[in-house]
Amino acid sequence: MFYREAGDFKTSYREDSQTFPIKFDRWRFWAVLALAYGVVPIFINDYWANAVFVPFLIYSIAAIGLNILVGYAGQVSLGTGGFMAVGAYACYKLMTAFPEVSIFVHVLLAGGVTAAVGVLFGLPSLRIKGFYLAVATLAAQFFLVWLFNKVPWFYNYSASGQITAPSRQVIGFFVTGAQTTAVSKYLFCLVMLTIVAVLARNLTRGTVGRKWMAIRDMDIAAEIIGVNPLTTKMTAFMVSSFFIGIAGALFFAVYLGAAEVGEAFGIQKSFLILFMVIIGGLGSIFGSFAGAAFLVLLPVLLKNVLVGSLGWPTDLAAHIELMIVGGLIVVFLIAEPHGLAQLWRLTKEKLRLWPFPH
Amino acid sequence: MKMKFTALVAAGMVAAAPAMADLVIPNLSYRTGPYAAGGTPYADGFNDYFTLLNERDGGIGGEKVQVPECETAYNTEKGVECYEATKGNGALVYNPLSTGITYQLIPKVSADHISLYTPGYGRTSAANGKVFEWVFNYPANYWDGASVAITYLLEQNGGSLEGKKIALVYHNSAYGKEPIRTLTDLAKKHGFELTEIPVDHPGQEQKSQWLQIRREKPDYVLMWGWGVMNQVAVQEAANIKFPMENFIGIWWSGSENDVVPAGDGANGYKSLAMHGTGMDYPVYTDMKKYVLDAGKASGAGDQVGSVLYSRGMYAAMVIAEAARKAQEIAGTPAINATQMRDGFENLEITEARMVELGLPNFGQPFAATCADHGGPGAAMVQQWDATTKKWTLVTGFIAPDMEVLDPLVAEDSAAYAKEAGITERCN
């Protein structure tokens, strides 16, 4: 009834090719932004920021980054944890070396450093693909973690090998360090996520994204119609690593405040983010959000319900929680192999016809 | 999707918030994952001691103690979540039993003004109370442990380690890396050669590390291990027939769970101990009466009297004594986190007090001051007897070499103070 193209006339090419062709979607988009920027900051407290929103926002950035590589360009990567570590350590080195520069710039620069490293480790993708590429990126994961453990320069020769984020401000508000308020933490990550999501959405709709998808769908055919595999694959690795680097920098500097490479950026992180992308939906920006929400919020929710409301012992709850999350992943993938994003797509199709399905 | 989850989380949260009252001492524990073997007995001991106080004395100074438990799985992200989830309920002190989580919490507790108590683990330089106002790690820390182990080896070798080779097998994390700086300095002082052998998390695979040890034939092996890594290391050492009496673990590598799986092979393995072990203390009479036999034991109740259970109980005992001191200073039983800190800073545990508590000759006496949050740092050496399945203490308390440690603590805490912009207190 209200969710339809009919009656929504476009009078210019610009309007015709906008991100949300349906009016209801546009309203919804602005409503979500208004809610995220206007309402949530009023009610947020330390617990909501640190246990729910900030990890959700940061994992969303990482999932969008990986989705570009795996979902749009079809290059399987298991190096996400390693690339996040590059972002985190680049951010740390920049923060300590140039304390007067804004942390906002440092986070973007950390993304840039990660992009360079990502391109370097993306080079094998020109020769190998599929599982073989996955193994090559796995090597990146292990190599990077080893490197940050081995070379003391990266952690400024601290006794424990830990990196700790010093206090830094953006326009007068602390966003890293202990004095940071929940609101500034949340808003900083939200701004980053908005930039990343808008950028990713528009990249994937344009020439660059179409080239990625062409390579994903059939690389030989793409090459024949004039898509350069070198630049296409390299841009995919570059953009993906840039986003993942930003996520890594925020993860360390804003969320955790201190990190240890093996623990925070180990192979589990690579898998976690890959699962987010798969469960959310390959090749979908919304899917990245949905996957991140599923894997970040569900465990917190289950923990609160099982331990908090039902009063179960913590160890039992922790085990049951793993089983429930694992079970739900299996159920979702059987019910909808294309991820949560496909459910959303189906809902939209149904909404178009509602309330007269025939 | 997101909205729906948020709504559900909200529902869960509202139901989760416990009533505000009593003395709240959260127990950030881990009973799952590769470190559960260490985390479970510790959490049980910690809980049981407070249950004992509640049941026998009606709490501390008439105030009941609440110990909300939160599972961290030794994971820093979950640790942060647990901290945020529990701090709003008037938490007085945190004891996360994880060096990684401790590093994370140090800036947070300093901003939120809640004490952090990390006996025998955490950031060593937090012993310097001039810089770390809210962190306490008495009675001993990692650098003390490293120095005690070397002092013990010096005694064994007639006062000289010249030309000896000592290998350090360590968990490749903040925890395992802590003693390296001290051992390097001690190596310079005593002329031994130090080989560093890292083992990555979780440490189930150590073949190459022990192959290296077999090849290089060090005279002694020290170990900074935790969780499943300990059991594997002891087993591997037995496999390569390394003389077990020359293999010394830190106090976190010296529980029953670490040596039992290796069977007879583990016989003679040594570890440091910062307190006594076993059920031969008078406190267990009450513990049996009020907690165990009453069916109020934490967890499965099968860990009572083990090394790590004793350590959890010890930590709980120190916290309870600090709370008592805080009540005394504040003049009210309902203390807040700031008053709790004063209790920690003015805490003095004497042997007489330990006897009163039913723990004679259990731990070392110590007294904290504004500048000293680290205690004397002495430790004993215990040895495993595989036939009787018992740890036997082979030395008394050995004091660490403060001549080496003091400058290191001063240097590291000064570096932190500079990074975090802290000016020294207590002057």
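Quick notes on this structure:
- Count of the range B:268-293 residues which are within 21 Å of the chain's Cα centre (by Cα) and not β-branched (Val, Ile, Thr): 11
- Residues that are surrounded by fewer than 20 Cβ atoms within 10 Å (Cβ to Cβ) and within 12 Å of chain B (Cβ to nearest Cβ) are absent from the range A:205-214.
- No other residue among A:GLY87, A:GLY74, A:GLY81 is over 15 Å from the mean Cα position of the chain (by Cα) and touching a residue at least 12 places away in the same chain (Cβ under 8 Å) apart from A:GLY74.
- Pairs, first without any contact (Cβ under 8 Å) to a residue 40 or more places away in the chain in the range B:327-341, second surrounded by fewer than 18 Cβ atoms within 10 Å (Cβ to Cβ) and not in a loop (DSSP other than H, G, I, E, B), C-beta under 8 Å, six or more apart: B:ILE329/B:ASP342; B:ALA330/B:ASP342; B:GLN339/B:ILE329; B:GLN339/B:ALA330
- Condition check for A:TYR59: within 30 Å of B:ALA85 (Cα to Cα), in contact with an Asp or Glu (Cβ under 6 Å, 6 or more places away or on another chain) and assigned to a helix (DSSP H, G or I): no
- Only residues that are of a type in the set (A, V, I, L, M) and more than 9 Å from every other protein chain (Cβ to nearest Cβ) were counted across the range B:106-124, and they come to 2.
- Candidates A:THR194, A:THR180, filtered to the one that is farther than 18 Å from A:LEU69 by Cα, among the polar types (S, T, N, Q) and in a loop (DSSP other than H, G, I, E, B): A:THR180
- Among the residues making up the range A:73-91, a single one is polar (S, T, N, Q) and more than 12 Å from A:ILE267 (Cα to Cα): A:GLN75.
- Selection count where residues are among the hydroxyl-bearing types (Ser, Thr, Tyr), within 14 Å of chain B (Cβ to nearest Cβ) and touching a strand residue (DSSP E or B) at 6+ places or on another chain (Cβ under 8 Å), scope the range A:73-104: 1
- Filtered residue count, the range B:398-421, keeping only those that are more than 13 Å from chain A (Cβ to nearest Cβ) and either β-branched (Val, Ile, Thr) or crowded, with 20+ Cβ neighbours inside 10 Å (or both): 4
- Taking the criterion of being free of Cβ contacts under 8 Å to residues at least 60 places away in the same chain and at the interface with chain A (Cβ under 9 Å from one of its Cβ atoms), the only residue of the range B:88-104 that qualifies is B:GLN104.
- Test result for A:ALA116, crowded, with 24+ Cβ neighbours inside 10 Å and either in a helix (DSSP H, G or I) or not β-branched (Val, Ile, Thr) (or both): no
- Scanning the range B:334-365 for residues that are surrounded by fewer than 17 Cβ atoms within 10 Å (Cβ to Cβ) and not aliphatic (A, V, I, L, M) yields B:ASN336, B:THR338, B:ASN346, B:GLU348, B:THR350, B:GLU351, B:ARG353, B:GLU356, B:GLY358, B:PRO360, B:ASN361, B:PRO365.
- When each of A:PHE148, A:PHE174, A:PHE154, A:PHE143 is tested for being assigned to a strand (DSSP E or B) and either within 14 Å of another protein chain (Cβ to nearest Cβ) or among the β-branched types (Val, Ile, Thr) (or both), the lone residue that passes is A:PHE174.
- Cβ-Cβ under 8 Å pairs, at least 6 apart or on other chains, the range A:339-358 side farther than 14 Å from A:GLY287 by Cα, far side exposed (fewer than 12 other Cβ atoms within 10 Å of the Cβ) and modelled with pLDDT of 90 or more: none
- The number of residues in the range A:1-27 that are among the hydroxyl-bearing types (Ser, Thr, Tyr) and under 16 Å from A:LYS348 (Cβ atoms) comes to 2.
- Residues satisfying the stated conditions in the range B:112-143, i.e. free of Cβ contacts under 8 Å to residues at least 24 places away in the same chain and part of a loop (DSSP other than H, G, I, E, B): B:THR118, B:GLY122
- Criterion (within 11 Å of chain B (Cβ to nearest Cβ) and either in contact with a helix residue (DSSP H, G or I) (Cβ under 9 Å, 6 or more places away or on another chain) or modelled with pLDDT of 90 or more (or both)) met by exactly one of A:LEU282, A:LEU274, A:LEU250, A:LEU302: A:LEU302
- The conditions of being over 17 Å from B:ARG123 (Cβ atoms), outside any loop (DSSP other than H, G, I, E, B), of a type outside the set (Phe, Trp, Tyr) and in contact with a Lys or Arg (Cβ under 7 Å, 6 or more places away or on another chain) are met by B:VAL404.
- Any chance B:LYS289 is outside any helix (DSSP H, G or I) and among the basic types (Lys, Arg): no
- Note on the range B:145-168: among residues that are of a type in the set (Ser, Thr, Tyr) and farther than 28 Å from A:LYS150 by Cβ, the one that is nearest to the other protein chains (Cβ to nearest Cβ) is B:THR151.
- The single condition from (1) at pLDDT below 95; (2) over 24 Å from B:ASN137 (Cβ atoms); (3) not small (Gly, Ala, Ser) that B:VAL221 fails is (1).
- Answer residue from the range A:305-328, given it is more than 11 Å from chain B (Cβ to nearest Cβ) and either buried (at least 20 other Cβ atoms within 10 Å of the Cβ) or of a type in the set (Gly, Ala, Ser) (or both) and is nearest to B:ALA85 (Cα to Cα) among those: A:GLY326
The values are calculated or read from the model by the stated rules, or taken from the named source; none is laboratory data. Predicted, not measured: the structure shown is a model, and the values here were computed from it. Cβ: placed from backbone, ideal geometry, glycine included. Neighbour counts: every protein chain shown.
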